[in-house]
Amino acid sequence: MKRLLSAFIISNMLFISSYGQESYIKGRWNIKAGYSVYKTQFLYSSKSVDNNNYRLELNYGLLNKIETGIYAGYSRFMIYDPWISGPPGSFVGTTCNTSFYGINCNYHLLPHLIKADDFRFDLYLSGKYGGISIKRHGNHPEYSLGTGVAFYLFRHIGAYAEYSYGKFYNNDNFKLRYGISLKF
Amino acid sequence: MRTQLIILSLVFLILAPQVMAQQQVRISGTVKDKNNGEILIGANIVEQGTIHGITTDYNGYFSIVVRGNSALEISYLGYKKDLVGLDIKKDTIINIFLNPAAEQLEEVIVSAPRTRRFNIATISYQQMTQMPSIGGKPDVIKSLQLMPGISNQNEGSSLMLVRGGDPGQNLYLFDNVPLIYVNHLGGFLSVFNPDIINNIDVYKGGFPSRYGGKLSSVVDITQREGDNSGLKGSLGIGITDASFTLEGPLKVKNTSFILTGRKTMIDPLMALLSSLSDGSNYILSYGFHDINGKFTWKPDEKKTFSVNIYQGDDYLNYWSRNNANSTEKYRLNNVWGNWLVSARLNSLISSKLYASNRISFTRYRLKELMKYSLTSSSDTSKLKIRYISSVQDLSYSSDWKYNAFKNWIIDFGLQTSLFKFVPNNSYISSQKDQKSADITNSLETALYADNKITFLNNITATMGLRLVNYIATDYARFSLEPRMNMNLRVSEDHILNASYMRISQFSHLAFTTGSIMNNEVWIPAGRKVPPAQSDQYTLGWNGEYRNSMFSSEINLYYKNMHDLSAFREGYANLMGDENWTSKIESGGKGRSIGAEFLIRKNTGKWTGFVSYARTRTTRQYPNINNGREFLFDYNRPNSLSLNVSYKFSEKLSLNLLWVYQSGLPYTQAIGRYYLPSLENDYRGNSYYYEALIYGDRNSSKMRDYHRLDMGISYSKLTKVKKNKAIWNFSVYNVYNRHNPVYYYYNTNNTGEIFMPEWGGEYKPLSLYQLSLFPIVPTISYKVFFDFKPDENIDIKTKNKSKIPFRQRFSNWIYQNN
């Protein structure tokens, strides 16, 4: 809860400091299609499985340096299922449809330095709050703070990477995500 | 005496407006795009200051009687309204050219004809291109499937089912020429390349008399003519295929051409991957292509001559080789598709008479070739099996429109088709006596006339009759098909409609679904398989609100079908059977009743539609389900489509589509029993087979189908040439719903088959669901190019090298042009 409160305060401070300046972020639509690896671990076993996680993020530049939006993602998690019993000494994993969802807020740093109508780089701090819904295993909250960078090789298409710290379902605290970023 | 009085009154009603309007003149002609000369179908021509008007037909032709000193208002969505002042005293022919609206960034090829028509589904080119799709590229048939009364067979399928009809009951007309096979990729893509399409109308009922031969619908697709202002084209690439378009004028005066093509990109990749896969000794590849071309010549303002060609094929190839102790080779080649060639002459003979004459040839064939050889040091054995099923159609038609009086239009004509059916032609190299192919020829000739009469300015009645004569090798049939269509305008914005039609179909399509390899076989009507017939009754209402910003319609229908045919239970194809009629079940009956609702928002930043259909469709065959009536295999009681499109700017738009359909029926097992085997397994133990007891056919229902699709379309101008380019991003099945394609019984969900004689743990048969498409993100890109020189571009390109590097880098990093 403290982490969430901290994230909220920092976001508000950044919001106030950015108000009233001009940049290329305001009024911009940004779509990110990203990928990351989500490790899940079986109970009673040291084995873990890498699960592919795909995520789509839609942001809109509300202010000169701040964009907010939503995200949704999908994975097929291989996780321990207590409802299925296996031979003694073994573990049983089943694949479960897993969806991710939440809200997102990015604070862009470069508009502090670059006064232009457009720029090929993005550098931002990112705050996310949302949840993860696993079939037969319920909903779990997730939140994180991180930093991201994007480079637009083409006018509207580029690549991005984000590194986040926070609370995730699988008890990992750090997560790297990368993918394609579009801006209009 | 009373009858004579009624006839006299009717004649007076018809002729009175003609007598009273002696000072009026008839204006006839066509409406076209000013830039490229393309005909505009469904353009509105209204006498200024009145509600008296007409719309252009599928040839862009119109004919209207107005006061000689009045003016005509001509309008068409996406074009500037035009006003043509008149000061004439005799009948005149004019060609009207409209300018595309300046703010229109999208290439104006076609817009939805905003005519008030009933039982016709239509979709605009722009709606079609913005609709999210699996392959990222627009699909004509999939877009039409969103309209009420039109549904698909299974998820992703481009096979159309209209008002409870079979997939083989749709007449696909490509520039008025019937096309036989209309799918690629086992039904996941339609053969119609959107780049060449001008207009699409789907008649679901109330067919005009000029249409016949198929029970359920007419998909009337008009091709573009090719831009006569200059050479231009486009290139597109998506997940499934790459495509091109090239069009422009030719050296002969008043001629133009358009050529389009598509080709899959995956076949060489599939071949490479299959040959490289671990331990593989086989190569597998699948692909398709299609080519469309049209040549148009306009010798004068009154005549248009055109030639069309189309050729498209799907192909599946498989090679395998085993070199263990001997050389074993296996080759499988499946090809299916059709080709078409036609020539047409449209003539505006006088201000009252218009004619269209056409000759065409179409051929569809399904070919399967299998070669096997086994070579050892001492011996070589070979086997070759070839199977071909084909149908070809040589047609001639002469269609005329005569504007007899101001309120009386007569459409009449003659259509004749010579068909050659070869349902089953097999060759097996190991057989000494090869059987000759069973060929059936048939001649289908139709005479038709439609009388469209307007009474009292608000009632329009169209009464028609189609006489069809069918002659096959050992069978002949004469069919009378009455048609009736009546419109009552209750106010300026609201119209009521009632229609009736009878129609016959002289060829049946036997098909099985679920396989990428095609199994469509066309069967001619004959003594054992009589022609199918249907009667359809409809009632409709159409309304518009807020200056046509919103429109809505309701249609109710009842359709009765007789003498339907299908494969007998347990059969999936006709291959290798000389007596193929024994595999066909005929004498089927079908009934479909339904209500369709459609609400559209036509203008503004937000546009879209809600379509809903409530239907019930049944079938009854003498030897299926013990002769009892059962639900049609594709009966979906509820179908709902919700489409919202939002235009952020001229460049950027968002499209959302939500589809909901009731689950399809399936035949459920109601019990199981065990049969003792006659032999023991390999351990010497006896074992049992498990068998299921099935209930009534289609007595249970699968899970409901629903999904959400999202698409973003972004238009831009390319940097140097300033050509228009379009990016389409779409996500199919956004919330990853696992929709059922079919249910099946097995011991597991992996497809592995459990055989008790193999031993192992007993597993009972259970019901499983097959789903096809999870969430599928796709992207496609299309760029339009123009070969006309642009002086401004040359200057800019020349000056580019003079800009210092630092400035150029600064422009690049700050994305300045």
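The values are calculated or read from the model by the stated rules, or taken from the named source; none is laboratory data. Keep in mind it's a predicted model, so treat the numbers as computed, not measured. Cβ sites come from the backbone with ideal geometry, for glycine too, and all protein chains shown count toward neighbours. For accessibility, only protein heavy atoms count, side chains too; no ligands or nucleic acids. Shrake-Rupley method; radii C 1.70, N 1.55, O 1.52, S 1.80 Å.
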Only one of B:Ser810, B:Ser766 is more than 30 Å from B:Glu247 (Cβ to Cβ), in the same structural domain as B:Lys724 (by TED's automatic domain parsing) and modelled with pLDDT of 80 or more, namely B:Ser766
Of (1) outside any loop (DSSP other than H, G, I, E, B); (2) within 13 Å of another protein chain (Cβ to nearest Cβ); (3) surrounded by fewer than 20 Cβ atoms within 10 Å (Cβ to Cβ), B:Lys719 fails just (1)
Counting only residues in the stretch B:243-292 that are touching a helix residue (DSSP H, G or I) at 6+ places or on another chain (Cβ under 7 Å) and open to solvent by 50 Å² or more (accessible area, probe 1.4 Å), the one farthest from B:Gly230 (Cα to Cα) is identified as B:Tyr282
Filtering the stretch B:621-648 down to residues that are open to solvent by 60 Å² or more (accessible area, probe 1.4 Å) and either among the polar types (S, T, N, Q) or within 19 Å of B:Lys701 (Cα to Cα) (or both) yields B:Asn623, B:Asn626, B:Arg628, B:Glu629
Pairing a residue in the stretch A:51-68 that is over 27 Å from A:Tyr169 (Cβ atoms) with any residue that is surrounded by 20 or more Cβ atoms within 10 Å (Cβ to Cβ) and among the acidic types (Asp, Glu), where Cβ atoms lie under 7 Å and the two sit 6 or more apart in sequence or on different chains, gives A:Tyr60/A:Glu67; A:Gly61/A:Glu67
Condition test on B:Gln431, is it assigned by TED's automatic domain parsing to the domain that holds B:Leu509, free of Cβ contacts under 8 Å to residues at least 40 places away in the same chain and touching a Lys or Arg at 6+ places or on another chain (Cβ under 8 Å)? no
Checklist entry - Would the stretch B:386-397 turn up any residue that is within 32 Å of the chain's Cα centre (by Cα), in a strand (DSSP E or B), among the charged types (D, E, K, R) and crowded, with 17+ Cβ neighbours inside 10 Å? => result yes
inquiry  = Kindly evaluate B:Arg344 against the criterion of being in the same structural domain as B:Tyr310 (by TED's automatic domain parsing), assigned to a strand (DSSP E or B) and surrounded by fewer than 18 Cβ atoms within 10 Å (Cβ to Cβ).
reply    = no
Matching residues in the stretch A:83-139 (open to solvent by less than 50 Å² (accessible area, probe 1.4 Å) and either at pLDDT below 80 or within 14 Å of chain B (Cβ to nearest Cβ) (or both)) number 20
Within the stretch B:649-703, the residues that are over 30 Å from B:Ser151 (Cα atoms), assigned to a loop (DSSP other than H, G, I, E, B) and open to solvent by less than 60 Å² (accessible area, probe 1.4 Å) are B:Ser649, B:Ser677, B:Asp681, B:Gly684, B:Tyr687
(request) Confirm whether B:Gly205 is open to solvent by less than 10 Å² (accessible area, probe 1.4 Å) and assigned to a helix (DSSP H, G or I). (result) no
Looking at this structure, is B:Val307 touching a residue at least 12 places away in the same chain (Cβ under 8 Å) and surrounded by 16 or more Cβ atoms within 10 Å (Cβ to Cβ)?
-> no
In the stretch B:730-749, residues that are open to solvent by 30 Å² or more (accessible area, probe 1.4 Å) and not in a loop (DSSP other than H, G, I, E, B) total 4
Among the residues that make up the stretch B:454-477, is at least one of them open to solvent by 70 Å² or more (accessible area, probe 1.4 Å) and of a type in the set (Val, Ile, Thr)?
yes
- request: Could you please let me know if B:Val110 is out of contact with any His (no Cβ under 7 Å at 6 or more places or on another chain) and either closer than 24 Å to B:Glu492 by Cα or modelled with pLDDT of 80 or more (or both)?
  value: no
Subset of the stretch B:222-268, residues assigned to a strand (DSSP E or B), over 30 Å from B:Asn317 (Cα atoms) and touching a residue at least 60 places away in the same chain (Cβ under 8 Å), comes to B:Thr222, B:Gln223, B:Lys232, B:Gly233, B:Ser234, B:Gly248, B:Ser256, B:Ile258
The one condition B:Gly230 fails out of (1) closer than 23 Å to B:Tyr58 by Cα; (2) over 23 Å from the mean Cα position of the chain (by Cα); (3) open to solvent by less than 30 Å² (accessible area, probe 1.4 Å); (4) not hydroxyl-bearing (Ser, Thr, Tyr) is (1)
Check the stretch B:190-199 and report whether any residue there is open to solvent by 20 Å² or more (accessible area, probe 1.4 Å) and in contact (Cβ under 8 Å) with a residue 12 or more places away in the chain.
-> no
When (1) charged (D, E, K, R); (2) open to solvent by 30 Å² or more (accessible area, probe 1.4 Å); (3) more than 14 Å from chain B (Cβ to nearest Cβ) are applied to A:Glu142, the one that fails is (2)
Quiz item: If we scan the stretch B:319-341, do we find a residue that is open to solvent by less than 20 Å² (accessible area, probe 1.4 Å), under 30 Å from B:Ile27 (Cα atoms), in a strand (DSSP E or B) and in contact (Cβ under 8 Å) with a residue 12 or more places away in the chain?
Solution: no
When every residue in the stretch A:145-178 that is within 14 Å of chain B (Cβ to nearest Cβ) and open to solvent by 20 Å² or more (accessible area, probe 1.4 Å) is compared, the one modelled with the highest pLDDT is A:Phe151
